[in-house]
Every structure is written in structure tokens, then in C-alpha cells.
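Participant: Sharing a structure, written as C-alpha cells. Questions coming.
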Amino acid sequence: MSRTQRLFDLLQILRRHRYPVSGATLASELGVSLRTLYRDIATLQQQGAEIEGEPGLGYVLRPGFMLPPLMLSEEEIEALTLGARWVARQGDRQLGAAADNLLAKVAAILPDDLRDKVEGNSLLVGPGPEMAVGPVDLSLIREAIRKERKVNLTYRDQEGRDSTRIIWPFALGFFQKVRVLLAWCELRQGLRHFRADRIADFEIQDVRYPRRRQALLKDWQEENGIKIRNAFNADKN
């Protein structure tokens with residue numbers, strides 16, 4: 001374990017406790033000697049952590065201390081790197097570029113020993129199935145979701161028939177072969193799913209839809225949760 005990782009873990013342990021914890025307990029949990037523990041506590045105090053206490057009495061971290069930005073654990077770095085690599089491969093062009101930029105920014109400001117964990121990460125994303133791609137750029141769809149704007153949508157069904165409607169887009173699902181837009185449809189007066197590759201035209205209105213997207217997403221989760229539970233119960237019967 002790197003020293004940076006050990007200091008991070010020590011802060012996390014202290015944060016879990018509201019009352020003083022003995023040096024012996026901390027050293028045992030970290031797997032280090034008491035001497036090393038005292039040195040680590042002194043280092044954190046010099047960096048601004050309000051750790052109070054002394055040998056024989058125990059130590060406590062006072063509320064209010066924030067971890068330095070990007071003081072990440074090795075597993076958090078692995079998760080971030082793997083996720084960004086997946087987005088770079090599976091997302092649209094702008095989202096993929098943003099994922100690459102994110103990794104570069106993270107690597108640039110991490111301590112040297114953790115920077116190597118990003119650049120030498122061995123968790124790779126393999127090639128996936130061929131993606132169904134439509135004429136509308138996904139970045140436009142994501143913009144409408146972020147801004148909570150109504151959209152004039154032209155949608156082509158599996159029979160090739162076009163329909164025009166006004167929707168309230170609130171989420172975008174990334175699946176292996178397709179991207180699915182979740183929206184409230186004014187025509188159907190209900191929640192609907194639209195395959196992104198079948199969207200023929202997507203025009204954002206300068207009108208905010210009347211509900212927050214978090215509320216729409218919650219409705220969708222509750223509605224689909226009921227469907228999943230019903231299917232599970234039917235299986236049992």
C-alpha cells in the first residue's frame with residue numbers, strides 16, 4: 001500500500017468514529033506500527049486535518065475537514081478509469097472526448113504514485129457489438145435533458161412510419177446495441193421509450209417543461225419497478 005493510500009485510509013477510519021480512537025486500534029486496522037501511525041497523524045495535521053488527541057488518550061477528527069480534491073483510493077481510480085474508457089468507446093463523439101479529457105485532468109493533479117495507477121491501469125474495455133446509429137447527434141439529446149426543454153420529435157417506428165409529437169426528455173439509457181431516450185409524451189400522456197437510432201428529427205424548443213427531470217425519473221423508476229415486481233411474482237406463481 002502506498003503512503004498516500006494509507007493516509008487516505010487513516011482519514012476515512014477517523015471519519016467513521018465520533019469519539020477518540022486509540023492509536024493501537026488505528027495502527028492495527030491499518031496494519032502498521034504505532035510509530036508509523038504517529039508519523040502519519042503528524043503529517044495529516046501539518047496538511048490541515050484537525051486531528052486532536054495524543055498517545056494513551058486516542059485520536060478524533062474534528063468535523064469540517066475536507067479531503068484534498070482527488071485524494072482517491074486505488075479502487076476508486078480503477079473504477080474511474082474503467083468507466084471513462086467505457087464512455088470513450090461507447091458514448092457519442094463529444095462524450096468520448098470528454099471522458100479522455102477527464103482522465104488526463106485526473107492524472108495531471110494526482111500524486112505521482114497514484115498517477116501511475118491511472119496511466120498503467122490494466123482494466124480494459126473490449127470491443128462491443130455494432131451500435132445502431134441514427135441521424136440525430138446524442139449531444140443534442142443530452143443538452144435537452146440537461147436544460148429540461150420540450151422537444152419537437154419526429155419518430156420512426158419499426159414499420160418505417162413517422163409520427164410527430166412533443167416530448168419532455170429526462171434520461172438517456174446506454175445499452176450494448178442501442179441508446180434509449182426516456183421521456184414524457186404529450187401525445188400519449190404518459191412515459192415512453194424512444195430508440196435514439198429511430199429519431200428522425202429532434203428540435204429543442206425554448207420552453208422548459210413543467211416538471212423537474214428528477215421527478216419524471218422517479219416516476220419512471222416506480223412504474224418500472226412495479227412491472228419488474230409483477231413479473232417476478234408471476235414467475236413464482
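The values are calculated or read from the model by the stated rules, or taken from the named source; none is laboratory data. Note that this is a predicted model, so its numbers are computed, not measured. Here Cβ is always computed from backbone atoms with ideal geometry, including for glycine, and neighbour counts include all displayed protein chains. Note: areas computed on protein heavy atoms with side chains; ligands, DNA, RNA excluded. Shrake-Rupley method; radii C 1.70, N 1.55, O 1.52, S 1.80 Å.
Participant: Defining a contact as two alpha carbons under 8 Å apart and six or more residues distant in sequence, what relative contact order in percent does the stretch 112-177 show?
Facilitator: Working: 46 pairs, mean separation 20.4, N = 66.
Normalised by residue count, the contact order of the stretch 112-177 is 31 percent.
Participant: Turning to a different aspect of this structure: Of all the accessible heavy-atom surface of the stretch 50-163, with the other protein chains kept in place and a 1.4 Å probe, what percent is carbon and sulfur? Please report the intermediate quantities before stating the final value.
Facilitator: Details: 3650 of 6920 Å².
Looking at the stretch 50-163 in its full context, I get 53 percent from C and S.
Participant: Given Cβ point charges of +1 (Lys, Arg) and -1 (Asp, Glu) and nothing else, what value in debye, to the nearest 20, does the dipole of the chain about its Cα centre take? Don't skip to the end; give the middle numbers.
Facilitator: Details: 36 positive and 32 negative charges, 159 e Å.
For the chain, the charge dipole is close to 760 debye.
Participant: In a GNM of the chain with a 10 Å cut-off on Cα contacts, which of Ala42, Ala107, Ala88 has the highest mean-square fluctuation?
Facilitator: It is Ala42.
Participant: Further question on the same structure: Of Pro135, Thr25, Leu182, which is farthest on the positive side of the dipole of the chain, counting Cα position, with +1 on Lys and Arg Cβ, -1 on Asp and Glu Cβ, and the Cα centre as origin?
Facilitator: Selected residue: Leu182.
Participant: Before rounding to the nearest 500, sum -39500 (n - 2.57) across all DSSP H runs of length at least 4 in the chain and divide by the residue total; then give [θ] at 222 nm in deg cm²/dmol.
Facilitator: The per-residue figure over the chain is -15000 deg cm²/dmol.
Participant: Mind ordering 206-212, 165-171, 53-59 by average Cβ neighbours within 10 Å, highest first?
Facilitator: Ranked by mean Cβ neighbours within 10 Å, highest first: 165-171, 53-59, 206-212.
Participant: Taking 37 °C and 0.692 mPa s as the conditions, I'd like the Stokes-Einstein D for the chain in µm²/s, using the Kirkwood hydrodynamic radius from alpha carbon pairs.
Facilitator: 149
Participant: Accessible area per residue of the chain at 1.4 Å probe, in Å²?
Facilitator: Accessible area per residue: 61 Å².
Participant: Related question: Restricting attention to the stretch 89-144, which GluC sites (Glu not before Pro) occupy a DSSP loop and are surrounded by at most 12 other Cβ atoms within 10 Å?
Facilitator: Glu130
Participant: Still on this structure, please answer the following. Given contacts defined as C-alpha pairs under 8 Å and at least six residues apart, what's the relative contact order of the chain, whole-number percent?
Facilitator: 13 percent.
Participant: More than 17 Å apart: what percent of Cα pairs in the stretch 1-119 qualify?
Facilitator: 60
Participant: Please identify, among Lys117, Lys150, Lys218, the residue showing maximal mean-square fluctuation in a Gaussian network model of the chain using a 10 angstrom Cα cutoff.
Facilitator: Lys218
Participant: May I pose another question? Once you list every other residue whose beta carbon is under 14 Å from the beta carbon of Pro127, what net charge do they have if Lys and Arg are +1 and Asp and Glu are -1? Let's see the in-between values first.
Facilitator: On the way: positive: Arg85, Arg89, Lys177; negative: Glu130.
The answer is +2.
Participant: Quick one: net charge around Arg179, please, counting Lys, Arg +1 and Asp, Glu -1 for every other residue with C-beta under 11 Å from its C-beta.
Facilitator: +2
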